[in-house]
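Q: Below you will find the structure I want to go over with you.
The values are calculated or read from the model by the stated rules, or taken from the named source; none is laboratory data. Not measured: the values here are computed from a predicted model. All Cβ positions, glycine included, derive from the backbone under ideal geometry; neighbour counts span all protein chains shown.
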Amino acid sequence: MTFRQSHLALPVAVAIMAGCIAPLAVLVAFSFYEVEDFDLIPAFSFRAWGDLATSTTDWFLIGKAVLSGVATTVFTALLGFPVALALTRLATSAKGLAIIVLLTPLYTGEIVRIYAWRIVLGGEGLVNTLLLGLGLIDEPLKFLLFSPFTIGLVLTYNNLPFMVLAIWVSAEMVDRRLIEAARDLGARPVDAFFRVIFPLTTPGLAAGSLTVFALSAGEMLTPSLLGGTSGATAMALVDNLFGTAFDWPLASALALALLATLFLVASAMAGLLLRLKGARAVIGRA
Amino acid sequence: MGRIGLSVLIVAAGFLYLPLVVLAVFSFNDSALMAFPLSGFTLQWYRELAQNDNFLSGFVTSFLIAQPVGILAMLFGLMASLALTAPGFRWRGLFAILLLTPFLVPKSVLSIAQAMIMSRVGFERGATALILAQSLVALPFATALISAVMVRFDRRLIEAARDLGASPWQAFLRVLLPQIRPALSGAYSVGVILSLADLTIAMFLAGRTQPLSLMVASEFRRELRPDLNAMQVVVLALTALLVGLSEVYRRRRLRRLAAEA
């Protein structure tokens, strides 16, 4: 057999199969195993799935993961659109710089960002000191740190650059003459946005939403380190079942249920966005 | 550009950099408490950091783990991109989906599944496991970077080289490689950066290895300390230096390519 360029896919595929697909398959197998005396015994038991099905906590936590992913997606989209549209107006020379400015916060470590927000939002942090100094509040705001608010804020912060980037790429491809034509024909800027720009940038919005959802829904560090009492996540529970409780079957079943739910929600979300009129126009043209 | 657009960008940049600026400011603040008002300038925390052997060894560990991650991400990203852009590759769609899975599956789920399989087959968790897992997560990013450049490459140049008697290997080395070198260096830095930034994978797979992010995370649960701030600033500065260097390199390559053309 002669060598062809496409054969290079083989080692890569093997690596992904071994490092990614096989562990997930093993998760499926383990979810049917039994545990006896801290030993994992091959079996075909539905005990773990039964436990999972009847546990309200588990489904509540899975629902919470979906909610936090969707909320982060919506927040980043609302904030990302104005930023992405403003970026398209920059001079070409400034765009390279803008990319660096946008991406550098992503290079900081997960723990660095979490650490930094704790300093900003704490009782004697920047925000509270500022608000106290301005006389807007009489005592430090407690909800800023270790609350659902903190989780939402930091997840939005972590994922905003991805959303901006995706929408920006899409918005750069919109023919500016279409917007000018709409304006010439009497559309107000708001109409031009909703009837021309927004429909034509839905592919970018879909790509950004998928990315942000995938990155934020399964996140366990930000909630557990900054969420305080509201920081419980499905993944932290999986971690607990895996490490401390040594209930690998239930840990596997819960992780798989979470994965399947996230996958369904993500496909539904992408499907909905791509069914919009503009997306079909853009994709049909390409 | 309108005034509204400019203010949007300024507010956005402020939001993105606010936590990092605050972090840096407190690393120079002359007080053990991280609270306003500021008490004065000091380099004490950086001095303490330089004398802390634990952190220094964590630093070296993180750095040594990040290098192979960058190289593996680059090599596998290159192979994946070559396959993706190969003419007449029948499994392209399927292969692309496969490449996306390490990105779409949450890191936490993936690492826990990997930890389970490793302990079953007796593969010890540690630096090797960490390097392999981090490379896998970096692979989709590296592939995206390299193939974005490769799809714009004119394949006829390769065909011309082949017609003139070059072997496939020579055609790759002399025609394609010079064009994609900036993208390769980008893929390498993405691997290094993702490895340095990671905490989730390390939590599950590091075993007895102690990269910096794990050390900080365990300190973090106890208290905030200014010397930790100083360390974060150092890590940040080093990462920025890396990004800066690879950007300078990329621009110089592009200029040279333009000059040759």
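Q: Within segment B:215-234, track down each residue that is touching a residue at least 40 places away in the same chain (Cβ under 8 Å) and assigned to a helix (DSSP H, G or I).
A: Result: B:MET215, B:PRO226, B:ASP227, B:ASN229, B:ALA230, B:MET231, B:GLN232, B:VAL233, B:VAL234.
Q: I've got another one for you. Hey, A:VAL127 hits all of (1) surrounded by fewer than 16 Cβ atoms within 10 Å (Cβ to Cβ); (2) more than 9 Å from every other protein chain (Cβ to nearest Cβ) but one; which does it fall short on?
A: Unmet condition: (1).
Q: Something else about it: Any idea which of B:LEU104, B:LEU84, B:LEU98 is closer than 12 Å to A:GLY19 by Cβ and either crowded, with 20+ Cβ neighbours inside 10 Å or at the interface with chain A (Cβ under 8 Å from one of its Cβ atoms) (or both)?
A: Matching residue, one of B:LEU104, B:LEU84, B:LEU98: B:LEU98.
Q: Turning to a different aspect of this structure: Quickly run through segment B:1-48 and pick out the residues that are without any contact (Cβ under 8 Å) to a residue 60 or more places away in the chain, within 11 Å of chain A (Cβ to nearest Cβ) and either under 15 Å from B:LEU224 (Cα atoms) or in a loop (DSSP other than H, G, I, E, B) (or both).
A: B:MET1, B:GLY2, B:PRO19, B:VAL22, B:VAL25, B:LEU33, B:ALA35, B:PHE36, B:PRO37, B:LEU38
Q: Of all residues in segment B:108-132, which are within 22 Å of the chain's Cα centre (by Cα) and within 7 Å of chain A (Cβ to nearest Cβ)?
A: Passing the criteria: B:SER108, B:VAL109, B:LEU110, B:ILE112, B:GLN114, B:LEU132.
Q: Can you tell me which residue is modelled with the highest pLDDT among those in segment A:44-73 that are outside any helix (DSSP H, G or I) and surrounded by 13 or more Cβ atoms within 10 Å (Cβ to Cβ)? First the steps, then the outcome.
A: Looking only at segment A:44-73, we keep the residues that are outside any helix (DSSP H, G or I), and these are A:44-46, A:55.
Pick out the ones that are also surrounded by 13 or more Cβ atoms within 10 Å (Cβ to Cβ) and you get A:45-46, A:55.
On the way: A:SER45: 87, A:PHE46: 87, A:SER55: 90.
Ranking the candidates gives A:SER55 first.
Q: Output yes when any residue across segment B:191-207 is assigned to a loop (DSSP other than H, G, I, E, B), within 13 Å of another protein chain (Cβ to nearest Cβ), in contact (Cβ under 8 Å) with a residue 24 or more places away in the chain and within 13 Å of the chain's Cα centre (by Cα), and no when none is.
A: Yes - at least one qualifying residue is present in segment B:191-207.
Q: Okay, next question. Count, please, the residues in segment A:22-43 that happen to be assigned to a helix (DSSP H, G or I) and more than 7 Å from every other protein chain (Cβ to nearest Cβ).
A: Matching residues across segment A:22-43 total 3.
Q: Does B:ARG120 count as among the basic types (Lys, Arg), in contact (Cβ under 8 Å) with a residue 60 or more places away in the chain, more than 15 Å from A:LEU215 (Cβ to Cβ) and surrounded by fewer than 20 Cβ atoms within 10 Å (Cβ to Cβ)? Explain how you work it out, then say what you get.
A: Values: among the basic types (Lys, Arg): yes; in contact (Cβ under 8 Å) with a residue 60 or more places away in the chain: no; more than 15 Å from A:LEU215 (Cβ to Cβ): yes; surrounded by fewer than 20 Cβ atoms within 10 Å (Cβ to Cβ): yes.
Criteria not met by B:ARG120.
Q: I would also like to ask the following. Search segment A:227-253 for residues being more than 10 Å from every other protein chain (Cβ to nearest Cβ) and surrounded by 21 or more Cβ atoms within 10 Å (Cβ to Cβ), and hand back the single one that is modelled with the lowest pLDDT.
A: Out of the qualifying residues, it is A:GLY227.
Q: Can you tell me which of B:ALA230, B:ALA217, B:ALA187 is within 11 Å of chain A (Cβ to nearest Cβ) and surrounded by 19 or more Cβ atoms within 10 Å (Cβ to Cβ)?
A: After applying the criteria, what remains is B:ALA217.
Q: Separate question: Going by the conditions given, is A:LEU264 at negative phi and either in contact with a strand residue (DSSP E or B) (Cβ under 7 Å, 6 or more places away or on another chain) or surrounded by 15 or more Cβ atoms within 10 Å (Cβ to Cβ) (or both)?
A: It is false that A:LEU264 is at negative phi and either in contact with a strand residue (DSSP E or B) (Cβ under 7 Å, 6 or more places away or on another chain) or surrounded by 15 or more Cβ atoms within 10 Å (Cβ to Cβ) (or both).
Q: If the Cβ limit is 6 Å and pairs must be 6+ apart or interchain, which residue in segment A:101-121 that is facing chain B (nearest Cβ under 7 Å) pairs with which residue that is in a helix (DSSP H, G or I) and polar (S, T, N, Q)?
A: A:TYR107/B:THR239; A:GLY109/B:SER213; A:ILE111/B:SER213; A:VAL112/B:GLN232
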